[in-house]
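Bear in mind that the values in this text are calculations on the coordinates, not laboratory data. Please read these numbers as outputs of a predicted model, since none were measured by experiment. In this analysis, Cβ positions are derived from the backbone assuming ideal geometry, glycine residues included, and neighbour counts consider all displayed protein chains.
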Amino acid sequence: MILLQLLLSLTLLSQSLAAVIPRDGQRILNPTADDLKKIFTFSNDFPPPNSGNLQVHDPNIIEEKDTLYLFKGGIHIPYWKASSISGPWTQVGTVLSKASVINKKNNNRPWAPTVTKYKGTFYCFYAISQSGSQDSAIGYASTSDLEKEWTDHGALINTGSGEGSQIAPYKSTNAIDPAFQVDQKSGQPYLIYGSYWDDIYSLPLQVDKDGKLSVKDENKPDATHLSYMPGNWRPQEGSYMSYHEGYYYLWFSQGICCQMVNKGFPLKGEEYRIRVGRSKSITGPFVDKSGKKLLDGYGEKVYGSNNGNVYAPGGVGVLPGNGQRGDILYHHFCEFPSPGE
């Protein structure tokens with residue numbers, strides 16, 4: 001995966017496209033030259049990316065005191081720093097010093113971290129899961145300084161098994177791909193999460209006097225369904241919420257991701273692509289440019305496979321503008337024609 005940046009105007013969304021439901025199971029193994037037209041769109045509808053000097057999956061970037069910090073999923077959650085989005089990036093260390101305290105499989109290799117600064121404390125949200133499994137958890141770690149030791153606090157929510165996993169919305173969702181946003185009016189913080197099981201939700205959080213987080217009303221959480229794709233298979237995940245000039249933007253990855261070499265390539269147009277909707281309320285409803293709801297399977301397609309080498313972009317995030325530059329949309333993608341992870 002190659003880190004890239006793409007400068008956007010977040011005040012305008014791109015063309016309105018109805019969601020196309022990928023057909024799970026239709027994949028092409030070991031594609032020949034003749035198969036390429038079945039799996040890749042050779043178009044220049046989107047600008048080519050600007051690459052960094054790192055290979056990352058599900059990147060997350062935060063800016064602190066004119067320094068950028070980049071986090072990625074992997075063993076103990078490694079992260080880097082740089083003075084510019086284009087690097088060079090130098091490694092700082094890892095968020096966790098050992099496997100997560102969450103007692104689930106694959107707990108030494110957390111997924112999709114999201115780091116934020118809230119009330120003076122840095123929080124790193126991460127997911128523990130395995131490919132194709134709903135037995136997942138979202139945990140978090142915290143620190144007062146990005147270059148000092150982190151404390152792992154374990155699970156915020158569980159799905160599949162574990163405390164609370166049998167209550168709504170956890171019994172029908174998948175606790176992966178965490179994101180975080182704060183209501184600009186009320187100050188209420190929210191966890192945004194979800195994947196193929198019932199797609200994307202938000203949950204209000206609360207913080208105690210010691211800075212520890214929990215879900216508000218945890219036995220009966222006030223969950224909000226933000227995005228949904230009707231049908232038997234609902235390939236939406238990797239959500240991120242940004243705020244810009246009065247609107248909340250819900251970005252997400254839609255389609256088939258990962259392990260293409262081993263599992264085969266999906267048919268053209270069914271691979272990962274980035275969509276977005278917006279709302280004046282942090283809990284929605286989120287709509288596309290033509291007013292169609294994300295809960296009905298819609299969303300603006302703002303980036304997809306392109307230019308002969310960019311394949312299945314996703315894992316999106318937004319670095320807010322700082323007065324010197326505008327907002328930056330960043331994500332990963334596979335290098336075509338031989339993408340692998």
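For the reader, a short list of remarks on this structure follows.
- Residue identified as free of Cβ contacts under 8 Å to residues at least 60 places away in the same chain, among the hydrophobic types (A, V, I, L, M, F, W, C) and surrounded by 18 or more Cβ atoms within 10 Å (Cβ to Cβ) among 250, 295: 250
- The residue of the range 273-302 that is nearest to residue 227 (Cα to Cα), among those that are more than 17 Å from the chain's Cα centre (by Cα) and outside any loop (DSSP other than H, G, I, E, B), is 295.
- Taken over the range 261-292, the residue count meeting the criterion of being in contact (Cβ under 8 Å) with a residue 40 or more places away in the chain and either crowded, with 17+ Cβ neighbours inside 10 Å or over 27 Å from residue 34 (Cα atoms) (or both) is 19.
- Answer residue from the range 57-80, given it is in contact (Cβ under 8 Å) with a residue 40 or more places away in the chain and among the hydrophobic types (A, V, I, L, M, F, W, C) and is nearest to residue 121 (Cα to Cα) among those: 62
- Residues (more than 21 Å from residue 166 (Cβ to Cβ), crowded, with 23+ Cβ neighbours inside 10 Å and under 15 Å from the mean Cα position of the chain (by Cα)) located in the range 112-145: 112, 113, 114, 115, 124, 125, 126
- Contact annotation: residue pairs with Cβ atoms under 6 Å, 6 or more positions apart or on different chains, pairing a residue in the range 166-178 that is aromatic (Phe, Trp, Tyr) with a partner that is assigned to a loop (DSSP other than H, G, I, E, B) and surrounded by fewer than 24 Cβ atoms within 10 Å (Cβ to Cβ), are 170/164.
- Candidates are the residues of the range 137-171 that are in contact with a Phe, Trp or Tyr (Cβ under 6 Å, 6 or more places away or on another chain) and of a type in the set (S, T, N, Q); the one that is farthest from residue 216 (Cα to Cα) is 143.
- Note on the range 196-272: enclosed strands (runs of 3 or more DSSP E) holding 2 or more residues that are of a type in the set (A, V, I, L, M) are 199-207, 213-215.
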